[in-house]
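These notes are about the structure you will find just below.
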Amino acid sequence: MEKKGDLQKNNTTFVVQKEIVMQKKKEGYGFLIKWLIVLGYLIILNGLFILVFQWTKTDPVSKLNDNWQACLLMVNFCYCFSVQLIPIWIYKPIIYADKVVQRSFSLVTIYSVLLIACLFFLYLDSSDFPVRLIIYYYIGLFLLFPLWRFYVRELLKKYRRYGRNYKRIIIVGAGKNGLTLHEEIKKDMAYGFQISGFFDDNLALKQSLPNYLGKTDEVEDFVLKHHIDEIYCTLPNSQDNKIVRLLNFAEKHMIRFYLIPEFSRYVKRHLTLENIESLPVLAVRSEPLQTIHNQFIKRTFDIVLSFLFLCSLFPFVYIVMGTMIKLSSPGPVFFKQKRTGLYGKDFYCYKFRSMRKNKDANEKQAIQNDPRITKIGRFLRRSNMDELPQFFNVLKGDMSIVGPRPHMLKHTEIYSTIIDKYMVRHLIKPGITGWAQINGYRGETRFLEQMETRVRYDVWYLENWTFFLDLKIICVTILNMFRGEKNAC
């Protein structure tokens, strides 16, 4: 017969082996994900370079023909350097498409600048610099890098749905925040979280919780026994002694600790953490356009695009539309009206005149089938072409190409008193087109809910601005100009 000690030893060995198997299943081949992305990038870089090189071989690139091996070495060296500046993110559970495109654009641009600099060094005494090769190579990389990243992301989601490569987490605190967190994570398990359960000192919650694991003083033993990766703490501030104890425990055992503050129950937005010396300060909203480099990018884009449009297409548009406006009804070609701009300051907003002259122009909003609108005016409104003179406002600095639409002074006076956060939309310059407009919220606002939704879209744009978001809004607006807008009036 087996001795009792041997039996206990065998049981212990079995438990340890079981935990090792579970740990391997949990981790899967997660350590290979980053290498898979890097390998894909390297294949794209080298394969595309060889392909474009063969395609542009008819160009006078004789020096490149003699040194193509050195150029291929530069291709890989420049990538290794660039990826240190724009690292690959694989630890974030959710990455939105526009962020992937933005980071890919940044990586490809930095990489291309470095590669051009290296090639210039190689071609220092040569007049046959391979311009066409670089242009095609850059465009190809910009298209292929995001596509590869999206493909890997979908593969990873599918892999996680089979129960591999996940993080095991617990939630400490079963209040409203804890339950909300549980619901949000459970929406899509493909993002790589597996919730073991809840810890809370209120035993009355034991029957109502999805998976009650014990009281807060049992957390440490459970975490060590079950190889928990992350602890999410939703305890109220009044239990700071428990929070500090769990935080110290997590740091001691190299477990990531996340604290969900009490005010998240009533502050439902992205917060920005700043510091005044060693004191953390939370800003109630993120404002990307408060940074100098983002302001520079947006203003430079506004100036360049406005100047090019006003000097090229606008004179032709003005002659054609101006003639038709004059023939449709007496009055000026342009209509100017005071609107609310940046920080609530008034400015004159220019438009092609789409109405007959009337005394209610500054008080009454245009409505569907408005008798004041001329035939050409209806076409201008449906195609958004009545807004084209606002490129002058952009050039002057009163407006941006993309931003919240400026409202009449009367509307600002009314809605600022009845809509929460209405004035927040004036923290950035108004735009010719905007996020609310391409989502269908333009034209007449018959009901208060319509204006509230429009304001919500404007505030979202303020908090989530990216250069690529502006490009997306401009592209959709141009598309809508040809399709026509059913909400325009």
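Taking 19 Å as the cut-off, the amide N atoms of the stretch 434-475 that come nearer than this to a point 7 Å along the Cα-to-beta-carbon line of Q290 belong to 458-467. Between S238 and R483, the simple label model (points 7 Å from Cα in the Cβ direction) yields a spacing of 5.3 nm.
Taking neighbour counts of Cβ atoms within 10 Å as a proxy for exposure, in what order, fewest first, do I243, I171 appear? Write out the running numbers ahead of the final one.
Values: I243 19, I171 28.
Result, fewest neighbours first: I243, I171.
In this simple spin-label approximation, L247 and L273 carry label points 7 Å from Cα along the Cα→Cβ vector, and these lie 1.0 nm apart. In this structure the amide hydrogen of L259, modeled in the peptide plane, comes within under 5 Å of the amide hydrogens of C233, none closer than 5 places in sequence on its chain. Let a ≥ b ≥ c be the square roots of the eigenvalues of the Cα gyration tensor of the stretch 167-268; is it rounded (a/c under 1.5), or, if not, prolate (a/b larger than b/c) or oblate? Because its axes are fairly even, with a/c under 1.5, the stretch 167-268 counts as rounded. Listed values for the stretch 285-298 are Karplus-derived 3J(HN,Hα) couplings in whole Hz (6.51 cos²θ - 1.76 cosθ + 1.60, θ = phi - 60°), namely 8, 7, 10, x, 7, 7, 7, 4, 5, 5, 4, 5, 4, 5, and x replaces Gly and Pro. Our coupling estimate for the stretch 177-182, obtained by passing each phi through the Karplus curve with A = 6.51, B = -1.76, C = 1.60 and θ = phi - 60°, is 5, x, 5, 5, 4, 4 Hz, Gly and Pro reported as x.
The amide H of G197, built 1.01 Å from its N in the peptide plane, has I171 as neighbours under 5 Å, considering only residues 5 or more places off or on other chains. The packing ranking of peptides 176-187, 131-142, 402-413, highest mean first, is 402-413, 131-142, 176-187, where packing means the average number of other beta carbon atoms within 10 angstrom of each residue.
For W55 and E220, compute 0.36 nm times the residue count separating them, minus their Cα-Cα distance, and round to one decimal in nm.
Working: separation 165, 0.36 × 165 = 59.40 nm, distance 6.22 nm.
Extending this stretch completely gives an extra 53.2 nm.
Protection proxy ranking of 386-399, 213-226, by the mean of other Cβ atoms within 10 Å over each peptide's residues and highest first, is 386-399, 213-226. A convex hull fitted to the Cα coordinates of the stretch 292-483 yields 115 cubic angstrom per residue.
Proximity of backbone amide H atoms, modeled 1.01 Å from N, is registered between M399 and V394 at under 5 Å, excluding neighbours fewer than 5 places apart on the same chain. Each of T323, T109 was scored by other Cβ atoms within 10 Å of its Cβ. Arranged with the fewest first, they read T323, T109. This ranking places S328, S400 by how few other beta-carbon atoms lie within 10 Å of each, fewest first, which gives S328, S400.
Applying 0.36 nm per residue to the separation of L203 and F307 and subtracting their alpha-carbon distance, the gain on full extension is 30.6 nm.
Just so you know, all these numbers are worked out from the coordinates, no wet-lab data involved. Computed from a predicted model, the values in this text were never measured in an experiment. Every residue, glycine among them, receives a Cβ derived from its backbone with ideal geometry; neighbour counts consider all protein chains shown.
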